[in-house]
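The numbers here are math on the coordinates, done by the rules we state, and not lab data. It should be emphasised that the depicted structure is a prediction, and the values quoted were computed from it without experimental measurement. With ideal geometry, Cβ positions are generated from the backbone for all residues, glycine too; neighbour counts draw on all protein chains shown.
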Amino acid sequence: MIRAGQVPVHNIIDQLLGYVEAGRVTLEDVITHRMPLTEVSRAYEIFDKKEGGCVKVVLDPWS
């Protein structure tokens, strides 16, 4: 069984970046939703309720 939750990423960010740099993980493996920054409230709701299989939302301030 795989279990997941929110992680204190600041503790492991260097390790995670190493995985991306080595090609072991691609950002497309993790990012499930992309939304404009103006939709931040909706993004938090989607993440909180795990709507549409939400794993990670990226907010784009320029869209």
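A few notes on this one:
- Proximal charge balance of Glu28 [Cβ under 14 Å; K/R count +1, D/E count -1]: +2
- Axis of helix 40-49 versus longest Cα principal axis of the chain: the two differ by about 60°, to the nearest ten degrees.
- Taking N as its residue count, the alpha carbon Rg of the chain over 2.2 N^0.38 Å: 1.23
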